[in-house]
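What follows is calculated from the coordinates using simple rules that are stated; it is not laboratory data. This structure is a prediction, so every number in the text was calculated from the model and none was measured. Glycine gets a Cβ as well: all are built from the backbone with ideal geometry, and neighbour counts include every protein chain shown.
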Amino acid sequence: MIFVMDDKFLKPYNPTESEARVAKLWDESGFFNPDKLPERNQKGEPFSIVLPPPNVTGTLHSGHALAFTIEDIMVRHARMKGMKTLWIPGTDHAAIATQSKVEKEIQKKEGKSRHDLGRDELLKRVRAFAQESHDTIVNQVKKMGCSIDWSREAFTLDEKRNLAVRTAFKKMYDDGLIYRDFRVVNWDPKGQTTISDDEIVYETRKAKLYTFKYAKDIPISISTTRPETKLGDTAIAVHPDDPRYKSFIGKEYDAVFTGEPIHLKVIADTSVDKEFGTGALGVTPAHSQIDWEMGQKHGLPLKQVINEYAKMTVGDDSIKGKKTIEAREAVVEWLKFEGLLEKEEEIEQNISTAERTGGIVEPLPKLQWFIGVNKPFKRDGKEVTLKILMKEAVERGIGGSQPIQIIPDRFAKVYEHWIENLRDWCISRQIWYGHRIPVWYKDSQIYCGIEAPAGEGWVQDEDTLDTWFSSGLWTFSTLGWPDEKEFTANKAYHPTTILETGYDILFFWVARMILMTTYLLGEIPFKTVYLHGLVRDGKGRKMSKSLGNIIDPLEMTGKYGTDAVRMALIVAVGPGNDSKFDEQKIKAYKLFANKLWNIARFILSSTDGVTFDSSFKDFTAADKVHLECLQTLVKESSTEMNEFKYYLVAEKLYHYAWHELADKILEESKPIIGVFGAPEPTDKVAKLSRQQFLLTALHSLLKLLHPFMPFVTEEIWSSMPGRESLLLVEEWPVA
RNA sequence: GCGCGGUUAGCUCAGUUGGUAGAGCAUCCCCUUGACGUGGGGAGGGUCACAGGUUCGAAUCCUGUAUCGCGCACCA
């Protein structure tokens, strides 16, 4: 027997070599671009998905690698099924995250603040950093084998997306959904900007609850964990039915509190909890969200005593100019000295910190831009709100669509709950890196437009938009919206087929996309949402720079091959479940890639000279059993792929290849075919039957495995006799 | 406080129409010059967190408890 086989099979599978070669094949084919796909796909149903744009804040981590893997499995599977498949890449400018990272670096290296540099210079630096990150990210995406259409790459802060942002803003402004208002917002003193409710991370800490009187002649005691804010109190609130305080309601008191004159009115409000503390509450309208609302309701004066740097602006020498935490101690000292402090107890408290900077959030009254989620407007003759649209998208569907399917479905409940608690979204940020708010001022005039107004003297709003405003438009801004011609040409791709992302950005991103798309387009942004879990370290901890436990997926692909990393990330990890990164697991799948390699070597060398005949019928009884088993595998895999159960399919294929095909069938085949030491068999019918079966099995297996292990399967495919095209665009097998 | 998820072999985890427990890795024994030692065969190892209930039968359904984790709310 003569083996006419590539020499490459005589050596173990070498991922590094093969991956480079295969990547080049794919690249040259152009098949990542839907317009260049073969005829079969051109006629197919469109399949579209966006890459969740990674932040240009640095390099990627294993969470990204997991996302890329799942998404690429979806895309490759759809392409093989004959769909006109589009996967759009892009990156996110990530406003606060990126700017604060660059600022930190500049501060560290040059000791300069952003104000030392100025707006233009800082932006120049940030852009340079973003560009560098971008290039790294693109390389990493490519390395993972993502079959993504680079010709359509987008950036949340590029020209086209900026136009989309301005257009969206203007429309919402005209509809009264975007408005400017003065109220207490979440201020991050560290990042020197406002943040939205969702950008707050709560940390449970021990705190002291102080109970005291403002002055000896004020009869009501109050409790607080923040005595320093009491300099800004303008009322004492009690419950209207509280017999202890009923007689005081309506009375007013004056006092000098740590050198600061204060005027307090006793008000009655049902929101006061009679059981907590003394049952009386000092109202600080300028430094508490709830107190602000109470202040509005009761017409209380606003008195700001803390500034943007979390420093006191009033009080005596021991207070004024001090940080709030220092001032707190000083106030307590004063209370003790004056004999006003009645009780000091330790309690657990949730404190608000800013997600990106870690700064302790200081509620401050400020003039900011908001999106009103409860503001009614007309849609198809019906009165709705953004909240209603967001809810309907998942419950009933929009404009006659099916409801958005969330996988796993338990997250639909989480989403719903979030919407119920949703308040107006503060979208203005006092940072420089981002989309500038398209509003101009001149004297007392205000102008909102896609372009700057004509005429002299108009000054644009200094603020930029929350980064999620632009990512909310992503499914359609990447398809050309608002350019009518471009968007129309791409309309078949919207709503996108599926959105794949981590459950940790369900609110940030998924919900905001639903908001923007249902409002601006009157349709859902995607039909299905697939949420993956967090990839944790070996000990189950979240990976982070500060813990130093980040595992670089690229280091692993270099060591074990991309296919092995992909398999390790996907096998047995169901949607919505966190997983632990496990190097052992990657190693195991590297062995599997090699096993596949040798299965191919066995089959190709023992079918030398035989032409694969897909319509071959004369199988022996034994081969018919094998064939049936194979068909069951194809059938089950196909069903489970369509149900997004990739974690099951991958394992099933592994098991079949290794323990059924290799361990049983190949061993059994040696005497039947007469290879590897076995004498030439007399039963030629059985031999041909087995050879045809083995070729059939290899064909099917390579196809089934391709979405999971694209490199090794494509590399083997390239040695298959009689192949017509790249495995990338081969037809998904049917049972 | 409300809600969600986990608790299965030493480790990491699968197990959806309920039918006498599975995988990978690890451990131990054995085999082998002929696809692959990145191999093959085999073994040990689990009262499926606990307690009730439904059922002929429960890891799987119901109720409750414990424990770990997460989300939201509260946060005077």
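Model label sites at A:Gln584 and A:Asp618, defined 7 Å from Cα along the beta-carbon direction, differ in position by 5.1 nm.
Summary of the geometry: the stretch A:551-608 and the stretch A:1-67, compared by the centres of their Cα atoms, lie 15 Å apart.
Sorting A:Ile665, A:Ile306 from the fewest to the most surrounding beta carbons within 10 angstrom yields A:Ile665, A:Ile306.
Projecting the Cα positions of A:Leu300, A:Val126, A:Gly90 onto the charge dipole of chain A (unit charges on Cβ atoms of Lys, Arg, Asp and Glu, taken about the Cα centre) puts A:Gly90 furthest along the positive direction. A straight Cα-to-Cα reach below 24 Å connects A:Lys320 with the lysines A:Lys190, A:Lys208, A:Lys213, A:Lys216, A:Lys230, A:Lys303, A:Lys311, A:Lys336, A:Lys366, residues fewer than 8 places away in its own chain not being considered.
With unit charges on the beta carbons (Lys and Arg positive, Asp and Glu negative) and the dipole taken about the Cα centre of chain A, which residue among A:Gln430, A:Ile137, A:Ser29 sits farthest to the positive side? Going by the charge dipole, the pick is A:Ser29.
Between A:Leu25 and A:Lys109, the contour length at 0.36 nm per residue exceeds the Cα-Cα span by 25.8 nm.
Using r as the Cβ-Cβ distance of A:Thr639 and A:Asn374, and R0 as 30 Å, what FRET efficiency do you calculate, to the nearest 0.05? If you can, show how the numbers build up before the last one.
Details: r = 43 Å, r/R0 = 1.44.
After rounding, the FRET efficiency stands at 0.10.
Each residue of the stretch A:305-313 was assigned a 3J(HN,Hα) from its phi angle through the Karplus curve 6.51 cos²θ - 1.76 cosθ + 1.60 (θ = phi - 60°); the sequence is 10, 10, 9, 5, 9, 6, 10, 6, 10 Hz, with glycine and proline shown as x. Residues A:His263, A:His494, A:His93, arranged from fewest to most other Cβ atoms within 10 angstrom of their Cβ, appear as A:His263, A:His494, A:His93. Dipole check for chain A: with +1 at the C-beta of Lys and Arg, -1 at the C-beta of Asp and Glu, and the Cα centre as origin, the magnitude is about 340 Debye.
For helix A:95-110, report the angle its Cα long axis makes with the longest principal axis of the Cα atoms of chain A; keep it between 0 and 90° and round to the nearest 10°. Roughly 80 degrees, rounded to the nearest 10.
In this simple spin-label model, placing a label point 7 Å from the Cα along the Cα-to-Cβ direction at both A:Glu724 and A:Thr204 gives a separation of 6.3 nm.
Using the Cβ-Cβ distance between A:Trp418 and A:Ile249 with R0 set to 51 Å, the FRET efficiency from 1/(1 + (r/R0)^6) comes to roughly 0.85. Of A:Lys265/A:Lys387; A:Lys101/A:Lys491; A:Lys617/A:Lys664, which ones are farther than 31 Å apart at the Cα? Correct reply: A:Lys265/A:Lys387; A:Lys101/A:Lys491. Over all other residues within a Cβ to Cβ distance under 15 Å of A:Thr193, the charged ones net out to -3, with Lys and Arg as +1 and Asp and Glu as -1. Helical content alone sets the calculated 222 nm signal of chain A at -11500 deg cm²/dmol, taking -39,500 (n - 2.57) per DSSP H segment of four or more residues and averaging over every residue. Less than 13 Å Cβ to Cβ from A:Gly574, Lys/Arg counted +1 and Asp/Glu -1: what total charge do the surrounding residues give? So the surrounding residues net to -3. The distance linking the stretch A:123-155 with the stretch A:297-345 is 49 Å (Cα centroid to Cα centroid, whole angstrom).
Placing unit charges on each Cβ (+1 for Lys and Arg, -1 for Asp and Glu) gives the stretch A:120-255 a dipole about its Cα centre, and among A:Ala215, A:Met172, A:Leu157 the Cα reaching farthest toward its positive end belongs to A:Ala215. Placing R0 at 41 angstrom, the Cβ-Cβ distance between A:Asp608 and A:Glu39 gives a FRET efficiency of 0.80 after rounding to 0.05.
Extension gain for the segment A:Trp658 to A:Phe337, taken as residue separation times 0.36 nm less the Cα-Cα distance, is 107.6 nm to one decimal.
Got a sec? How would A:Ile73, A:Ile716 order by Cβ neighbour count within 10 Å, fewest to most?
The fewest-first ordering by Cβ neighbours comes to A:Ile73, A:Ile716.
Volume per residue of the convex hull around the Cα atoms, evaluated for chain A, comes out as 194 Å³.
Add +1 for every Lys or Arg and -1 for every Asp or Glu among the other residues with Cβ under 12 Å from the Cβ of A:Trp334, and state the total. Result for the local shell: -4. Find how many whole Å separate the alpha carbon centroid of the stretch A:437-504 from the alpha carbon centroid of the stretch A:681-735. Using only Cα atoms to place each centre, the spacing works out to 49 Å.
Compute the helix-to-body angle for A:646-655: its Cα long axis versus the longest principal axis of chain A, expressed 0 to 90° and rounded to tens. Once rounded, the angle reads 30 degrees. Each residue of the stretch A:451-460 was assigned a 3J(HN,Hα) from its phi angle through the Karplus curve 6.51 cos²θ - 1.76 cosθ + 1.60 (θ = phi - 60°); the sequence is 10, 5, x, 6, x, 7, x, 7, 10, 6 Hz, with glycine and proline shown as x.
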